[in-house]
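The values are calculated or read from the model by the stated rules, or taken from the named source; none is laboratory data. For clarity, every value in this text was computed on a predicted model and none was experimentally measured. Methodologically, a virtual Cβ is constructed for each residue, glycine included, from the backbone with ideal geometry; neighbour enumeration extends over all protein chains shown.
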Amino acid sequence: MKLYSPYLTSSLTALVSALLAVATLAQTSPAQQTPGGASAAGAPAAHEHENHPAPTNLKVLPKTMTGEQVHDLMHKWEGELGAECSTCHAADPKNIAPNGRPRLNFADDSKPEKNTARLMFRMVEDINKNYVSMVENSGVPVTCGTCHRGHLDPPIFTPVKGDHDHDHTAPPAGEEKPPSSR
């Protein structure tokens, strides 16, 4: 087996160069980054903590929530619903981002999905407050993910056949039902 080859040497050189470039970019200080999130060298910076402005149109969420709290909750709901921000929030063609795309107008109520989300939030709150909390040792509250499980339209539940093939009749009062013979 040949241990030295020009191909191996050039491949290793390219790999080491790439690793050094990545290490150099990773060490770029925030002071060397431009306001747009790129480093002084022009490469995109790692995603930093964004400033989330205070929400201006909360109708079902507590009005005391900060922009950061609303942002975190929305991202949780995105995962539970398998959705994106644009599912509920309309684009604002008058507010263009540096990437050339319209930013979302989070206060806008024109998309019906946003009102559906508000209705579903009220339903989840009602279930947790008036039903789950009434069951002793009920445990985990209901969330969007309880039903949606990562899908915008909740999948239809179909029980596995054979798991519940037994007699559903109640025994006469005072008698116990004999064990089934499976």
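Overview of values
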| item | result |
| --- | --- |
| Subset of region 86-119 [of a type in the set (A, V, I, L, M, F, W, C) and over 17 Å from N57 (Cα atoms)] | I96, A97 |
| K161 being out of contact with any Cys (no Cβ under 7 Å at 6 or more places or on another chain), modelled with pLDDT under 65 and over 25 Å from I127 (Cβ atoms) | no |
| Given (1) surrounded by 15 or more Cβ atoms within 10 Å (Cβ to Cβ); (2) assigned to a helix (DSSP H, G or I); (3) touching a residue at least 40 places away in the same chain (Cβ under 8 Å), index of the condition E78 fails | (3) |
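Listed here are the residues, each with its yes/no results for (1) among the hydrophobic types (A, V, I, L, M, F, W, C); (2) surrounded by 13 or more Cβ atoms within 10 Å (Cβ to Cβ); (3) more than 25 Å from N51 (Cα to Cα).
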position	(1), (2), (3)
T64	no, no, no
E68	no, yes, no
E84	no, no, no
T87	no, yes, no
A97	yes, no, no
R101	no, no, no
R118	no, yes, no
G139	no, no, yes
K161	no, no, yes
